[in-house]
Every structure is written in structure tokens, then in C-alpha cells.
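The values are calculated or read from the model by the stated rules, or taken from the named source; none is laboratory data. Please read these numbers as outputs of a predicted model, since none were measured by experiment. Methodologically, a virtual Cβ is constructed for each residue, glycine included, from the backbone with ideal geometry; neighbour enumeration extends over all protein chains shown.
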Amino acid sequence: MTDAPLLKVRDISKFYGARIGCRNVSFDLWPGEVLAIVGESGSGKTTLLNCLATRLMPTSGTIQYRMRDGQMRDLARMGEAERRFLMRTDWGFVHQNPADGLRMTVSAGANVGERLMAVGDRHYGNIRETAGDWLRRVEIGLDRIDDQPRAFSGGMRQRLQIARNLVTAPRLVFMDEPTGGLDVSVQARLLDLVRGLVHDLGLSAIVVTHDLAVARLLSHRMMVMKDGHVIEQGLTDRVLDDPREAYTQLLVSSILQV
Amino acid sequence: MNAVPSELATYNFAYLDEQTKRMIRRTILKAIAIPGYQVPFASREMPMPYGWGTGGVQVTAAILGPEDVLKVIDQGADDTTNAVSIRAFFQKVANVAVTTKTREATIIQTRHRIPEEKLTAGQTLVYQVPIPEPLRFLEPRETETRKMHALEEYGLMHVKLYEDIARNGHIATTYSYPVKVEGRYVMSPSPTPKFDNPKMHMSEALQLFGAGREKRIYALPPFTDVVSLDFEDHPFEVQKFERPCALCGAENVYLDEVVLDDRGGRMFVCSDTDHCEDRRDHGHCGTMLAYGKAAAE
């Protein structure tokens with residue numbers, strides 16, 4: 001980790017008319033750090049994530065990102081072409097529903113290779129080799145490289161989506177409920193995989209989840225949101241072991257124990 | 001307003017009213033100014049169904065003058081239904097001279113082929129285009145494809161070619177093969193066989209593309225750089241035929257397969273009928289033609 005933050009977020013607010021999406025959110029994200037955003041449904045987690053990933057325009061506030069050349073850039077002032085280029089090279093976005101993030105009608109290999117072709121790779125053999133390599137890393141058999149994602153199970157689709165996002169070696173990955181809708185054993189494998197990848201690649205990630213176990217396993221730091229506000233933030237272990245806010249205490253105590 | 005004389009009530013010259021023709025001409029000028037860019041236009045209802053060349057007919061109607069000589073081809077042939085009816089249409093509404101000879105024509109409206117004979121300066125080739133958007137089958141959202149064109153995000157086009165190779169071992173797209181125009185816009189050459197793609201490159205003739213249902217016109221001005229997309233290790237190739245044309249013996253032309261009987265008999269003949277006839281008139285002779293002559297004698 002270096003001492004300069006990768007992402008600087010200051011006073012981000014998003015209003016849907018009179019309704020609050022999220023309000024006055026500020027934080028820094030450092031390289032190699034995983035930040036979890038937790039909270040109940042409707043607390044503004046996904047709104048915040050979409051604002052950060054420039055999928056939504058925040059009503060007010062600034063988001064600055066440190067480009068590969070070390071310059072801090074205001075995302076709102078970037079041209080659309082540059083922003084889209086950033087989104088498909090230096091960033092990744094893992095959707096809750098893999099069908100949103102994948103091209104369901106083209107093969108797994110092409111799904112992984114799309115970003116490579118988008119940045120100008122024009123050698124079929126190399127693209128395929130890289131795609132195969134990534135499928136192996138996310139534990140999808142090489143014999144499935146020419147299958148379409150719709151022939152894949154939910155867990156495989158999610159892993160494919162992750163491979164597709166990581167192929168250009170991004171520095172920042174946004175994940176929106178990456179384990180939502182998966183059964184527990186598949187969730188565990190996926191979490192294991194993501195944790196390994198994040199560690200190996202030195203990724204920074206912002207993970208939105210309502211599952212505190214996911215936050216505990218993946219993240220270094222977490223933010224608890226309620227009604228659009230960040231009510232508590234700190235190191236994951238601190239927040240989960242010693243929650244200060246009444247709502248966080250409620251959240252932690254409502255985890256089911258088996 | 002040059003109406004056909006001596007008839008009381010008649011069509012406006014070339015069917016469309018003058019305002020519509022001006023609108024289409026403005027669109028064409030814009031399309032020529034930005035090669036490969038799809039310019040929207042207010043496509044009109046034409047007296048034929050969509051898919052029969054309403055876009056091409058509107059472009060032809062807008063550029064046609066009384067002095068022009070029109071040739072219409074459908075799949076390379078001058079004598080198929082679509083070609084015959086469009087030719088008759090313009091004879092009726094514009095009273096222009098028509099021909100089947102490529103070199104005599106000033107305007108050639110085409111569906112699915114580019115004539116084998118090299119087009120020259122002063123000629124205009126008008127294509128009938130069903131789906132102008134090359135990215136359509138991969139990205140169904142029009143808002144998104146427009147943005148992709150605007151920002152030159154063409155990685156998706158190669159995804160299609162990748163899929164081809166992954167499934168078939170080679171680029172199996174044989175028609176409507178995407179091209180890049182002047183290093184900028186990716187364009188669909190309409191459903192012409194990829195055999196014809198190299199003919200678009202640096203063509204002396206003006207090439208106009210009209211899509212009636214999709215309401216788009218695009219163009220390639222003369223001497224435009226047109227490159228077919230490919231991979232470094234799977235370069236672009238045109239179709240090759242094992243045998244020459246059975247009637248005129250031509251090689252390196254695009255051939256149609258004609259089934260002769262129900263016992264597997266078939267022949268391969270030029271798809272460009274004018275080219276084939278011209279060669280036969282000049283004494284060229286293919287295997288089946290020689291056989292036919294011998295049988296007749």
C-alpha cells in the first residue's frame with residue numbers, strides 16, 4: 001500500500017427528487033484495500049456504489065480517482081470517452097445478477113476476451129490463451145470455453161463475470177452483492193476465490209453487501225449505511241466485534257447462528 | 001418538375017415529391033461528408049413492402065435525373081423479380097433509359113452484389129440495406145450502438161469474429177462482413193458476399209447505402225479506404241471457388257450454385273448475369289455451355 005489514496009470521495013449526495021438516495025458520504029480508499037458497504041435494503045448502498053462507478057450522476061459532491069500516471073482526476077469532469085475507457089480497463093463492475101454483466105449469447109471465451117479486443121488486441125490465439133488462463137483461475141474447466149454462459153450454473157456465471165472484469169488487470173473493482181442468490185457452499189467457494197484474487201493482484205475493491213459474513217471475510221474496512229447516511233465506519237473487525245451505533249448492534253445481533 | 005408530357009394526371013418525376021428529394025439529397029451529402037456514418041432520414045412509405053428495397057429506391061429516386069441510365073440488379077441478376085419490378089417502376093415514374101449493361105449505366109441499384117466489372121468514375125452504386133447497424137446483433141440498444149460509434153468503441157465487432165472462429169475454426173461470416181471506413185467508422189456493407197468487400201476499397205464510383213425501414217443512409221465517396229476487419233492470425237479472405245463458371249468459364253468471380261435435378265446434379269454459374277453474357281458474347285465458353293451446344297447440334 002502506498003500513502004496516496006486511490007479514490008477520494010467527498011460529500012457525495014444523490015437525491016431522487018425529494019427522496020434521499022445517499023447523503024454526504026465521504027471516504028478515502030487506498031490501493032489494495034477492500035471496503036464493504038453494508039446496510040439493509042433501501043439504505044442507499046447500491047445508489048452510492050453506482051455514483052462511485054459513474055453509473056449514476058451524483059447530485060453533489062466530488063469523486064477523485066488516481067489514474068495510472070499518478071494524477072488525481074475528478075470523475076465528473078472527465079469526458080465520456082475517457083470515463084468509459086477507464087471503466088473497461090482500469091475498473092471492473094461485478095453485478096449481482098451475472099446476466100447484467102455478461103453477454104449471454106456469446107461464448108465464455110469471448111466474454112473474457114471482449115475487454116482485450118476493446119483495447120485493441122487483434123490476435124485470436126493470444127486472446128484465447130489469455131481467456132483460457134483466466135477461466136482456469138476462476139475454476140472453470142477449459143472444456144467450457146466455447147459454451148455460452150446460459151449453459152452455466154449461477155456460481156459459474158458469477159465466476160465468469162469476475163474473470164471478464166479482471167482480464168485487463170484493473171486496479172479497482174466494484175461489486176454489487178457478488179454472492180447474492182447463490183447457495184451457501186457456492187458462496188463460500190466464490191468468496192474464497194475473490195479473496196485469493198484480491199490478495200494476489202493487489203486489487204482495491206468496494207463491495208456492497210447485506211451479508212455481514214461476506215463483509216467479514218472480504219473486507220478490511222466497512223461502512224454501515226442507514227437511510228442514505230453512513231452511520232458508522234471503521235475496520236471490519238472493530239465494527240463487527242464492537243459495534244457502537246444502536247443500528248449496527250442490531251444488525252450484528254441479527255445474524256443467524258446455527 | 002419534369003412530369004412526363006402528354007398525360008393529364010401523372011407521377012411527379014421519380015415518384016417522390018420535390019421536398020422529399022431535397023431532404024434525401026441533404027442526407028446523402030452529409031453521408032458523403034462523413035464516410036461510413038449512418039445518417040438518419042425521414043424515410044417515406046414506398047409502393048412496395050419493406051425489405052424489397054425501399055431505402056435503395058428512395059436514394060435512387062433522389063439522385064436520378066432524366067439523362068441517367070439505370071441498371072437494377074438483385075443477387076447479381078438483371079432478370080429477377082425485384083430487379084425487374086424496380087426497373088419497371090423507374091421507367092414508369094421517371095421515364096429514364098434502362099440497361100442491363102454495367103458499363104453503360106450511370107446509376108446501378110443493387111441488392112446483395114457489386115458487379116464484377118470494375119466501376120468507373122461517374123457511376124453511382126446504390127445499395128438496398130436491410131440492417132444498417134453492424135453491431136445490432138450483439139448490442140440491441142440503439143442508444144448504446146450510437147454511443148459506441150461516437151466513441152469508436154468497436155471491440156464488440158471483434159467479439160463476433162472471435163465467436164465465428166471459436167465455433168467454426170475460421171471466420172464464418174460470409175456476407176454483411178463488417179468493414180472499417182477511413183480508419184474511423186465500422187460499417188455494414190449490406191448483405192453483399194464478403195467476396196465483394198475488396199471492390200469497395202478505393203472504388204472510383206460513388207457508393208450510397210439506403211435503409212428504408214431503419215431510416216438510415218450512409219455512403220462511401222470515391223477513393224475511400226475500406227478495410228475488412230480480421231485477426232492477425234486469421235486474416236480476411238474472400239470465398240474461393242473450385243471450378244470456373246459453367247457457362248462462360250470465368251474464374252475469380254462470384255458463382256451461384258444451381259441445382260439441376262434431384263440426383264445431385266448441379267452447376268456453378270456467374271451470379272453477375274450481365275458479366276456472364278458479355279463474356280459469352282466474346283466467345284468465352286464454359287463446360288456446360290459447350291455440352292449444351294453439342295447436344296443442340
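Values computed for the structure shown
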{"item": "Number of the condition not met by residue B:33 [criteria: (1) small (Gly, Ala, Ser); (2) in contact with a Gly (Cβ under 7 Å, 6 or more places away or on another chain); (3) over 25 Å from residue B:103 (Cα atoms)]", "result": "(2)"}
{"item": "Flag if residue B:232 is without any contact (Cβ under 8 Å) to a residue 60 or more places away in the chain and either touching a strand residue (DSSP E or B) at 6+ places or on another chain (Cβ under 9 Å) or not polar (S, T, N, Q) (or both)", "result": "yes"}
{"item": "Segment A:153-164, residues that are surrounded by fewer than 17 Cβ atoms within 10 Å (Cβ to Cβ) and not polar (S, T, N, Q)", "result": "A:154"}
{"item": "Test: residue in segment B:84-104 that is under 19 Å from residue B:36 (Cα atoms), charged (D, E, K, R) and crowded, with 17+ Cβ neighbours inside 10 Å", "result": "no"}
{"item": "Any hit, segment A:41-56, residues being part of a strand (DSSP E or B) and either over 20 Å from the mean Cα position of the chain (by Cα) or closer than 21 Å to residue A:223 by Cα (or both)", "result": "no"}
{"item": "Filtered residues of segment B:150-174 (kept if away from chain A (no Cβ under 11 Å) and touching an Asp or Glu at 6+ places or on another chain (Cβ under 9 Å))", "result": "B:172, B:173"}
{"item": "The listed residue being within 14 Å of chain B (Cβ to nearest Cβ) and either surrounded by 17 or more Cβ atoms within 10 Å (Cβ to Cβ) or without any contact (Cβ under 8 Å) to a residue 40 or more places away in the chain (or both), out of A:167, A:194", "result": "A:167"}
{"item": "Identity of the residue in segment B:229-273, within 24 Å of residue B:171 (Cα to Cα) and of a type in the set (Asp, Glu), that ends up surrounded by the most Cβ atoms within 10 Å (Cβ to Cβ)", "result": "B:230"}
{"item": "Only one of B:232, B:242 that is over 21 Å from the mean Cα position of the chain (by Cα), closer than 27 Å to residue B:155 by Cβ and not assigned by TED's automatic domain parsing to the domain that holds residue B:130", "result": "B:232"}
{"item": "Selected residue [surrounded by fewer than 14 Cβ atoms within 10 Å (Cβ to Cβ), modelled with pLDDT under 95 and not aliphatic (A, V, I, L, M)] from A:23, A:68, A:73", "result": "A:68"}
{"item": "Any helices (runs of 4 or more DSSP H) falling wholly within segment B:179-297 and containing at least 1 residues that are modelled with pLDDT of 95 or more", "result": "B:197-200"}
{"item": "Given (1) closer than 16 Å to residue B:114 by Cα; (2) touching a Phe, Trp or Tyr at 6+ places or on another chain (Cβ under 8 Å), index of the condition residue B:201 fails", "result": "(2)"}
{"item": "Hey, residue B:162 crowded, with 18+ Cβ neighbours inside 10 Å, among the aromatic types (Phe, Trp, Tyr), assigned by TED's automatic domain parsing to the domain that holds residue B:107 and within 22 Å of residue A:128 (Cβ to Cβ) or not", "result": "no"}
{"item": "When residues of segment A:79-95 are limited to those that are within 14 Å of residue A:52 (Cβ to Cβ) and within 13 Å of chain B (Cβ to nearest Cβ), the one nearest to the chain's Cα centre (by Cα)", "result": "A:87"}
{"item": "Residue in segment B:113-131 that is away from chain A (no Cβ under 14 Å) and free of Cβ contacts under 8 Å to residues at least 12 places away in the same chain present", "result": "no"}
{"item": "Any hit, segment A:96-105, residues being in a helix (DSSP H, G or I), more than 8 Å from chain B (Cβ to nearest Cβ) and closer than 15 Å to residue B:152 by Cα", "result": "no"}
{"item": "Filter result for residue A:39 (touching a helix residue (DSSP H, G or I) at 6+ places or on another chain (Cβ under 7 Å), surrounded by 15 or more Cβ atoms within 10 Å (Cβ to Cβ) and free of Cβ contacts under 8 Å to residues at least 60 places away in the same chain)", "result": "no"}
{"item": "Failed condition for residue B:62, given (1) modelled with pLDDT of 95 or more; (2) small (Gly, Ala, Ser); (3) not assigned by TED's automatic domain parsing to the domain that holds residue B:178", "result": "(3)"}
{"item": "Residue in segment B:170-198 that is nearest to residue B:106 (Cα to Cα), counting only those that are of a type in the set (Lys, Arg) and out of contact with any Phe, Trp or Tyr (no Cβ under 6 Å at 6 or more places or on another chain)", "result": "B:180"}
{"item": "Residue satisfying all of: in segment A:117-137; under 18 Å from residue A:171 (Cα atoms) and more than 8 Å from every other protein chain (Cβ to nearest Cβ); modelled with the lowest pLDDT among these", "result": "A:137"}
{"item": "Segment B:135-147, subset of a type in the set (A, V, I, L, M, F, W, C) and touching a helix residue (DSSP H, G or I) at 6+ places or on another chain (Cβ under 7 Å), residue nearest to the other protein chains (Cβ to nearest Cβ)", "result": "B:138"}
{"item": "Of residues in segment A:138-147 being closer than 22 Å to residue A:193 by Cα and part of a loop (DSSP other than H, G, I, E, B), the one nearest to the other protein chains (Cβ to nearest Cβ)", "result": "A:145"}
{"item": "Top-ranked residue in segment B:142-196 [being in contact with a strand residue (DSSP E or B) (Cβ under 8 Å, 6 or more places away or on another chain) and of a type in the set (Lys, Arg); ranked as farthest from residue A:146 (Cα to Cα)]", "result": "B:180"}
{"item": "Members of segment A:106-115 that are within 8 Å of another protein chain (Cβ to nearest Cβ) and assigned to a helix (DSSP H, G or I)", "result": "A:109, A:110, A:113, A:114, A:115"}
{"item": "Lone unmet requirement of (1) closer than 27 Å to residue A:114 by Cα; (2) among the hydroxyl-bearing types (Ser, Thr, Tyr); (3) within 24 Å of the chain's Cα centre (by Cα) for residue B:218", "result": "(1)"}
